[in-house]
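Trainee: Please find one structure pasted underneath; my questions will follow.
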Amino acid sequence: MLILAIETSADETAAAVTEGRRVLANVIYSQILLHKKWGGIYPSLAKRAHEEKINWVIEECLIRLLRNQNLLASELASRQKVGPVALRSTSESEGSLRHSLAQTSTRRVNLAALGMNLVDDVAVTQGPGLAVALEVGISKAKELAKKYNKKLIAVNHLEGHIYSCFAQNNKGNPSRDFNFPYLALIVSGGHTEIVLFRNHVDYKVLGETRDDAAGEALDKAAKMLGLGYPGGPVIERLAREVQNEDFHNFPRPMINSKNLDFSFSGLKTSFYYFLKEKPQVINLRELASSFQNAIYDVIVAKINLAIKQTKVNRLVVGGGVIANLYLRRLLRDLLEKHKGEVHFPPFKYLTGDNAAMIGVAAYFKARKKLFSKSQELDRIPRLNL
Ligand code: KG4
Ligand code: ZN
């Protein structure tokens with residue numbers, strides 16, 4: 001069963017074709033450069049960029065599917081004769097150049113239609129996310145489902161991040177099987193949640209952030225330091241240069257509370273006043289490393305508590321922040337201490353937003369016949385798990 005998945009909840013326009021847990025084709029168009037100067041996602045720009053790119057992203061994904069399935073050989077051969085050669089010719093008049101561009105674009109559309117015929121269902125992120133951005137993916141999914149007579153599967157972006165840990169390449173690797181129950185941690189720019197993942201499509205939220213998400217806090221700290229957006233990767237790099245040590249011991253909000261909730265806005269505020277009051281202490285590496293330590297300490301403490309409370313010592317972690325190798329190491333050490341195991345998304349592209357994870361989650365929903373009717377499928381910007 002092949003699923004075309006679409007993801008447009010934030011600043012990535014993404015499409016993938018999956019078969020069970022295997023990712024057969026995957027395309028991500030990132031808007032990061034567009035939002036960089038705002039230090040975060042600018043909604044109306046995001047909407048327009050999704051609208052501009054969505055057709056190209058889906059077409060490209062379906063063409064890669066055909067290519068990966070070796071269904072494109074004859075088509076590629078004929079394209080080499082007509083397309084690129086014609087475009088490269090310098091003596092060509094503008095009119096015929098436009099003509100061959102149009103030909104290439106028609107061929108892309110035809111190929112994509114060929115790819116759609118191989119697909120069984122269309123999956124799309126329903127929420128949580130930016131309303132105007134979600135809308136673009138959902139209307140495209142509905143349009144395709146109607147045109148090609150496919151079933152629709154609505155996926156929660158957060159269940160996508162959880163299932164990202166179980167995605168496989170097109171050869172079916174890694175082959176590891178499910179071993180429920182798991183604790184699932186989602187750490188991204190919009191979310192910090194601890195979830196009991198009891199079985200397929202069966203979740204119980206145990207704790208979440210009361211204000212800023214971990215990634216959001218990293219992004220804001222980076223902005224205060226003038227390091228640009230997104231903040232997580234640059235803070236990680238700077239911290240590594242000082243061996244990830246802690247120099248300033250910033251506050252660890254709620255680290256000793258007996259629940260599994262988070263709060264990072266107090267940390268952000270105290271970081272702000274620290275920078276204001278001690279401008280002479282501007283050592284970027286030490287500040288970055290100390291800030292990152294405060295965030296990751298709290299995360300590790302909460303996972304430790306969650307393991308003690310639930311007696312579940314198998315952890316899966318999804319979301320953009322788990323690209324961070326230092327956090328991975330801390331969590332590996334913790335799970336080792338509990339004689340348990342921890343799984344991360346097996347490929348880097350699966351940590352940030354992508355449609356492959358939406359396709360994998362959709363497969364397990366389809367197995368339970370959890371399909372959506374087109375007229376009832378609407379964006380839910382504050383969708384919970
Ligand atoms: O999952 P994601 O791409 O989008 C959301 O759903 O929010 O996560 C984006 C977040 C950003 O806050 C970014 O700073 C953070 O992930 N991030 C990182 C790293 N790479 C991305 N945080 C820490 N270390 C990284 N290497
Ligand atoms: Zn995300």
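Trainee: Looking at (1) touching a residue at least 12 places away in the same chain (Cβ under 8 Å); (2) surrounded by fewer than 16 Cβ atoms within 10 Å (Cβ to Cβ); (3) in a helix (DSSP H, G or I), which is the only condition S289 fails?
Mentor: Condition (2) is where S289 drops out.
Trainee: Continuing with this model, one more query. Just one of the numbered conditions (1) modelled with pLDDT of 95 or more; (2) assigned to a helix (DSSP H, G or I); (3) open to solvent by 10 Å² or more (accessible area, probe 1.4 Å) is not true of R98; which one?
Mentor: All conditions pass for R98, except number (1).
Trainee: In the stretch 180-241, which strands (runs of 3 or more DSSP E) lie fully inside it and hold 1 or more residues that are open to solvent by 10 Å² or more (accessible area, probe 1.4 Å)?
Mentor: By residue number, 192-199, 202-208.
Trainee: Looking at this structure, is K369 more than 15 Å from the chain's Cα centre (by Cα), within 23 Å of L4 (Cα to Cα), in a helix (DSSP H, G or I) and not small (G, A, S)?
Mentor: The answer is no for K369.
Trainee: Something else now. Name the residues in the stretch 265-284 that are assigned to a loop (DSSP other than H, G, I, E, B) and either open to solvent by 60 Å² or more (accessible area, probe 1.4 Å) or acidic (D, E) (or both), would you?
Mentor: Across the stretch 265-284, the qualifying residues are K278, I282.
Trainee: Applying the selection to the stretch 242-264, what residues are surrounded by fewer than 20 Cβ atoms within 10 Å (Cβ to Cβ), under 21 Å from L305 (Cα atoms) and among the aliphatic types (A, V, I, L, M)?
Mentor: Within the stretch 242-264, just I255 meets the criteria.
Trainee: Within the stretch 338-385, how many residues turn out to be within 15 Å of ligand 2 (Cβ to nearest atom), touching a Cys at 6+ places or on another chain (Cβ under 9 Å) and over 24 Å from K204 (Cβ atoms)?
Mentor: The total comes to 1.
Trainee: What's the total number of residues in the stretch 115-142 that are crowded, with 22+ Cβ neighbours inside 10 Å and in a strand (DSSP E or B)?
Mentor: Number satisfying all stated conditions: 5.
Trainee: Given the criteria among the basic types (K, R), within 20 Å of G160 (Cα to Cα) and either in contact with a Pro (Cβ under 8 Å, 6 or more places away or on another chain) or more than 16 Å from ligand 1 (Cβ to nearest atom) (or both), does R64 qualify?
Mentor: No, not satisfied.
Trainee: Let me ask something additional. Please count how many residues of the stretch 1-42 are away from ligand 2 (no atom under 16 Å from the Cβ) and over 13 Å from the mean Cα position of the chain (by Cα).
Mentor: Number satisfying all stated conditions: 20.
Trainee: Regarding D333, is this residue within 29 Å of K204 (Cβ to Cβ), at pLDDT 95 or above and surrounded by fewer than 19 Cβ atoms within 10 Å (Cβ to Cβ)?
Mentor: yes
Trainee: Could you tell me which of the residues V360, V316 is within 24 Å of N293 (Cα to Cα) and in contact with a strand residue (DSSP E or B) (Cβ under 7 Å, 6 or more places away or on another chain)?
Mentor: V316
Trainee: Pairs please, first residue from the stretch 350-379 and closer than 21 Å to D11 by Cα, second anywhere and modelled with pLDDT under 95 and not in a helix (DSSP H, G or I), Cβ atoms under 6 Å, 6+ apart in sequence or on different chains.
Mentor: Qualifying pairs under 6 Å: D353/A10; D353/E12.
The values are calculated or read from the model by the stated rules, or taken from the named source; none is laboratory data. Computed from a predicted structure; not experimentally measured. Positions of Cβ are generated from backbone atoms using ideal geometry, with glycine treated the same way; all protein chains shown enter the neighbour counts. For accessibility, only protein heavy atoms count, side chains too; no ligands or nucleic acids. Shrake-Rupley method; radii C 1.70, N 1.55, O 1.52, S 1.80 Å.
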